[in-house]
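Input: one structure, supplied below.
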Amino acid sequence: MARKGSPAGKLVWALIAVPFKLACIGLMIALPLLGVWVASSLAVFHNKSLVWAIAAGLVMFPLLPLLWEGLAHWRRSRKKKVGPRFLNLLDRMVLRTVTLNALFIGVLLAANPQAGFTALSARGDWMLAGKTGPRVEQLRKGLFQAADTLEWLYKLSKDNPYKKYDKDKGERPTPAPKKKADKTGEKPDRTDEKPDSTTGKKPDATDDQAKRRWPQPAALHALVSSFPPQEEKSPEWVGRYLAGRIADPLERARAIHDYVADRVAYDVPSYRAGKYPPQDAETVFRTGTGVCAGYARLFVAVSQAAGLEARYLVGDVRSENGQIDGEGHAWNAVKIEDRWHLVDVTWDSGHVSGNTFTKKLRTTYFLTPPEVFSADHFPEDPTWQLRDTPLTRGEFIRQPMMRPSFYAHGLKLKQPERSQVTVTNSLTIELDNPRQLFLLGTYNPQGGGSGVDCQVGEAQTSVTCKFPAAGSFDVKLFLSAKQYGSYDYVGKVMVNASGG
């Protein structure tokens, strides 16, 4: 074995010490940059000045480490007897810089881990805005991969109140096989042939095709509307009744969807208070009220009694007035003919305005194509996305906040490509609108305020919003088949206007 003082020993020591020192120097450089990245991403996400983020980075390096070194030198100079220094100046600067910046980043993320992860996932590439090219995309990919490593901190700080009702156990799903491309090289539409824009029906569609079309007509199933009161004794009784009269499992699932949506009213007071009464199927069936967990548990109970396999799923969803990372929610998956499908009865049952719930049956969230369903639903278990390649949470946060109804009408968003963007004083949303449906766009300050109309292009393929001053705004899109009348909300973009 080589001794440390021998030439061989010195070589071995150098081979160990030099790489270690270089790694420490690299860490001294990387940590301040990481701190600036986190602080600046938070600033961009919350529409704050970058000056403070950059200033904080300069304070953390080199200002504070130099001040620390100066203070230590001053205190050392006041001592009568001092021993030799174990570390040289460079070593001390490395140690002080790493300590201070690790503490800075830790405090920054620990103060609000949800906001930190969301900001890095949504705007962590802010410095690459407007830039393209292979190297840029590689750097952007690296930044978002780095952000993804902090998801554990995000999960640790976020609680889903509906998870305690997740008692379903069973097989995990496998994605449905991809449809083959047609002769044009494009994937067939998940809704098969497009409905006629006036009648809403497909030409020459058979009854079987109509049952499998998405979305289906939003009319209450005939058996549900004429359900004998004496047969509504329990969720199991209802399930057996439907199973005895509907042979087709897909139609049976639709009837269960309609039954739960029609019989349960959303419990707005409990949702607002964040305190929920029991959400088991029997209680919700008896009271006729519940939150998402109650809808989902009742759907499972009736489905199982009707001979269908169903699951209770939990995760995050992005609502009309919600944030881009979403809030806790519960929904379902149901197995039909050996394939799993996604269902959200709660969001198909009606809408909430203030403290009032209004029933209005929809089918947008019944057997929704997985690629569309994941536009606003992100399950805790990624396999329940039912996608060939599941989204990461960061990808879910970055994708535009469009509703499945946006895609159900054949629309395609061209720009912007993100859920949040920064502009000077105006934003133009461009989209494909093959059915020439009527658009309406509004913007309002985030956190409240009345909506202001935006300008819609004559071809109904663009919406331009001009903001009166700097601030953060929600730009919302609405759609209708008729120019005059009610418009349905189909998505939004969060905008930071600099006002420059």
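Where in region 226-280 are the helices (runs of 4 or more DSSP H), entirely inside, with at least 3 residues that are in the same structural domain as Y312 (by TED's automatic domain parsing) and within 19 Å of N332 (Cα to Cα)? Give the derivation first.
Numbers: elements: 235-245, 249-263, 268-273.
The qualifying helices (runs of 4 or more DSSP H) are 235-245, 249-263.
With modelled with pLDDT of 90 or more, in the same structural domain as F144 (by TED's automatic domain parsing) and out of contact with any helix residue (DSSP H, G or I) (no Cβ under 8 Å at 6 or more places or on another chain) as the only criterion, which of L50, L67, L22, L42 stands out? Steps first, answer last, please.
Details: L50 fails: out of contact with any helix residue (DSSP H, G or I) (no Cβ under 8 Å at 6 or more places or on another chain); L22 fails: modelled with pLDDT of 90 or more; L42 fails: out of contact with any helix residue (DSSP H, G or I) (no Cβ under 8 Å at 6 or more places or on another chain).
L67 is the lone residue from the list that is modelled with pLDDT of 90 or more, in the same structural domain as F144 (by TED's automatic domain parsing) and out of contact with any helix residue (DSSP H, G or I) (no Cβ under 8 Å at 6 or more places or on another chain).
Quick check on region 420-432. Is at least one of its residues surrounded by 17 or more Cβ atoms within 10 Å (Cβ to Cβ) and not in a strand (DSSP E or B)?
Within region 420-432, none of the residues are surrounded by 17 or more Cβ atoms within 10 Å (Cβ to Cβ) and not in a strand (DSSP E or B).
Please indicate, with yes or no, whether at least one residue in region 302-322 is crowded, with 24+ Cβ neighbours inside 10 Å and assigned to a helix (DSSP H, G or I).
Scanning region 302-322 turns up at least one residue that is crowded, with 24+ Cβ neighbours inside 10 Å and assigned to a helix (DSSP H, G or I).
Being under 13 Å from the mean Cα position of the chain (by Cα), in contact (Cβ under 8 Å) with a residue 12 or more places away in the chain and assigned by TED's automatic domain parsing to the domain that holds L250 is the requirement here; does I324 meet it? Please lay out each step first, then the result.
Numbers: under 13 Å from the mean Cα position of the chain (by Cα): yes; in contact (Cβ under 8 Å) with a residue 12 or more places away in the chain: yes; assigned by TED's automatic domain parsing to the domain that holds L250: yes.
Spelling it out, I324 is indeed under 13 Å from the mean Cα position of the chain (by Cα), in contact (Cβ under 8 Å) with a residue 12 or more places away in the chain and assigned by TED's automatic domain parsing to the domain that holds L250.
So which residues in region 91-147 are surrounded by 15 or more Cβ atoms within 10 Å (Cβ to Cβ) and of a type in the set (K, R)?
R92, R96, R123, R140
Quick check on this structure: which one of V82, V44 is closer than 30 Å to A470 by Cα and β-branched (V, I, T)? Full working, then the answer.
Numbers: V82 fails: closer than 30 Å to A470 by Cα.
Every option except V44 fails the conditions.
Output the number of residues of region 461-488 satisfying the condition of being in contact with a Lys or Arg (Cβ under 7 Å, 6 or more places away or on another chain) and among the aliphatic types (A, V, I, L, M). Even if it seems obvious, please write down each step before you answer.
Step one: list which residues in region 461-488 are in contact with a Lys or Arg (Cβ under 7 Å, 6 or more places away or on another chain), which gives 474-477.
Filter again for among the aliphatic types (A, V, I, L, M), leaving 475, 477.
Going through region 461-488 one residue at a time, the tally reaches 2.
Let me ask another. Filter region 468-500 for residues that are in a strand (DSSP E or B) and of a type in the set (S, T, N, Q); which is nearest to S426 (Cα to Cα)?
The initial filter retains those residues of region 468-500 that are in a strand (DSSP E or B), namely 471-480, 488-497.
Restricting the remaining residues to those that are of a type in the set (S, T, N, Q) gives 472, 480, 496.
On the way: S472: 12, S480: 24, N496: 10 Å.
Among them, the one singled out is N496.
Restricting to region 278-297, name every residue that is in contact (Cβ under 8 Å) with a residue 12 or more places away in the chain and either within 20 Å of T358 (Cβ to Cβ) or surrounded by fewer than 16 Cβ atoms within 10 Å (Cβ to Cβ) (or both).
Pass one, region 278-297, residues in contact (Cβ under 8 Å) with a residue 12 or more places away in the chain: 279-282, 284-285, 288-297.
Within region 278-297, E282, V284, G288, T289, G290, V291, C292, G294, Y295 qualify.
Can we say V317 is hydrophobic (A, V, I, L, M, F, W, C), in contact with a strand residue (DSSP E or B) (Cβ under 6 Å, 6 or more places away or on another chain) and at pLDDT 95 or above?
Numbers: hydrophobic (A, V, I, L, M, F, W, C): yes; in contact with a strand residue (DSSP E or B) (Cβ under 6 Å, 6 or more places away or on another chain): yes; at pLDDT 95 or above: yes.
Here the answer is yes, as V317 does meet what is asked.
I'm trying to understand the selection: among the residues of region 298-320, which are within 23 Å of the chain's Cα centre (by Cα) and in contact (Cβ under 8 Å) with a residue 60 or more places away in the chain?
Here is the first cut: in region 298-320, the ones within 23 Å of the chain's Cα centre (by Cα) are 311-320.
Of everything in region 298-320, those that are within 23 Å of the chain's Cα centre (by Cα) and in contact (Cβ under 8 Å) with a residue 60 or more places away in the chain turn out to be R311, Y312, L313, V314, G315, D316, V317, R318, E320.
Consider F86 against the criteria (1) among the hydrophobic types (A, V, I, L, M, F, W, C); (2) under 25 Å from V423 (Cα atoms); (3) surrounded by fewer than 14 Cβ atoms within 10 Å (Cβ to Cβ); (4) more than 30 Å from the chain's Cα centre (by Cα): it satisfies all of them except one. Which criterion is unmet?
(2)
Name the strands (runs of 3 or more DSSP E) wholly inside region 323-394 in which the number of residues that are at pLDDT 95 or above and in contact with a strand residue (DSSP E or B) (Cβ under 9 Å, 6 or more places away or on another chain) is 2 or more. Step through it out loud before you land on a result.
On the way: elements: 327-336, 339-343, 350-353, 356-359, 366-368, 377-379.
Strands (runs of 3 or more DSSP E) meeting the threshold: 327-336, 339-343, 356-359, 366-368, 377-379.
Looking at D388, D488, can you tell me which residue is within 19 Å of the chain's Cα centre (by Cα) and surrounded by fewer than 19 Cβ atoms within 10 Å (Cβ to Cβ)? Lay out the reasoning, then the answer.
Working: D488 fails: within 19 Å of the chain's Cα centre (by Cα).
It is D388.
Follow-up question, since we're still on this one. Taking the condition out of contact with any Lys or Arg (no Cβ under 9 Å at 6 or more places or on another chain), buried (at least 17 other Cβ atoms within 10 Å of the Cβ) and in a strand (DSSP E or B), does L413 pass? Walk me through how you get there before you give the answer.
Values: out of contact with any Lys or Arg (no Cβ under 9 Å at 6 or more places or on another chain): yes; buried (at least 17 other Cβ atoms within 10 Å of the Cβ): yes; in a strand (DSSP E or B): yes.
Criteria met by L413.
Also, I was wondering about something else. Output yes when any residue across region 334-347 is in contact (Cβ under 8 Å) with a residue 12 or more places away in the chain, in contact with a Pro (Cβ under 6 Å, 6 or more places away or on another chain) and closer than 14 Å to H257 by Cβ, and no when none is.
Step one: of region 334-347, the residues in contact (Cβ under 8 Å) with a residue 12 or more places away in the chain are 334-337, 339-347.
Applying the additional criterion that residues be in contact with a Pro (Cβ under 6 Å, 6 or more places away or on another chain) yields 336, 340.
Pick out the ones that are also closer than 14 Å to H257 by Cβ and you get 336.
Checked region 334-347: at least one residue is in contact (Cβ under 8 Å) with a residue 12 or more places away in the chain, in contact with a Pro (Cβ under 6 Å, 6 or more places away or on another chain) and closer than 14 Å to H257 by Cβ.
Would you confirm whether or not region 462-469 contains a residue that is over 23 Å from S49 (Cα atoms), surrounded by fewer than 16 Cβ atoms within 10 Å (Cβ to Cβ), touching a residue at least 60 places away in the same chain (Cβ under 8 Å) and not aliphatic (A, V, I, L, M)?
No: region 462-469 contains no residue that is over 23 Å from S49 (Cα atoms), surrounded by fewer than 16 Cβ atoms within 10 Å (Cβ to Cβ), touching a residue at least 60 places away in the same chain (Cβ under 8 Å) and not aliphatic (A, V, I, L, M).
Then there is this: For S40, all conditions in the list (1) assigned to a helix (DSSP H, G or I); (2) polar (S, T, N, Q); (3) touching a strand residue (DSSP E or B) at 6+ places or on another chain (Cβ under 7 Å) hold save one; what is the number of the exception?
Of (1) assigned to a helix (DSSP H, G or I); (2) polar (S, T, N, Q); (3) touching a strand residue (DSSP E or B) at 6+ places or on another chain (Cβ under 7 Å), only one is false for S40: (3).
Of everything in region 440-467 that's under 15 Å from T422 (Cα atoms) and assigned to a loop (DSSP other than H, G, I, E, B), which residue is modelled with the lowest pLDDT? Steps first, please.
Step one: of region 440-467, the residues under 15 Å from T422 (Cα atoms) are 443, 445-446, 464-467.
Right, trim to assigned to a loop (DSSP other than H, G, I, E, B) and you get 446, 467.
On the way: Q446: 91, F467: 96.
Taking the candidates together, the pick is Q446.
The values are calculated or read from the model by the stated rules, or taken from the named source; none is laboratory data. Here the structure is a predicted model, which is why all the values come from computation and not from measurement. Glycine also receives a Cβ, built like all others from the backbone with ideal geometry; neighbour counts cover every protein chain displayed.
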